[in-house]
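A.B. asks: This structure is in structure tokens; I'll ask about it shortly.
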Amino acid sequence: TPASVKFNEMALILIMVCTGGMRSFWGPVYGALFIHVLSELLRINATLFAPVSSLLRDLLENRMVLFAVLVILLMRFHREGIDGLVKALWTRVRRTRPVT
């Protein structure tokens, strides 16, 4: 039922798909890995910075805002997401490699 899914969980899934890239199989997988690792790093840093700065801690605790900014920037500058970035880097590396 719709009530069983929380809004933040649904938004996180959409953020993972958009970040990874929507037009490939591996894009959402890359996005899920990236967002999960980033989320855990932000959570750890929020607890580490708690004694130092409450403003920095609050910023790190608002992961959804940071993820939204990440999606906006990624969709503005590279619509293919992480999968597109990986493919572009791979083709660039293959072109610059000398042919033997």
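Here, each number is a calculation from the coordinates, and none is a lab measurement. Computed from a prediction, not measured in an experiment: that's the story for all the values here. Here Cβ is always computed from backbone atoms with ideal geometry, including for glycine, and neighbour counts include all displayed protein chains.
A.B. asks: Ordered by packing density, taken as the mean number of other Cβ atoms within 10 Å over each peptide's residues, highest first, how do 8-14, 32-38 rank? Intermediate values should be presented prior to the final figure.
C.D. replies: Working: 8-14: 13.1, 32-38: 15.1.
Going from most to least packed, we get 32-38, 8-14.
A.B. asks: Further, regarding this structure: For the residue pair residue 33 and residue 75, what label-to-label distance in nm results when each label sits 7 Å from Cα along the Cα-to-beta-carbon direction?
C.D. replies: The modelled label-to-label distance comes out at 2.5 nm.
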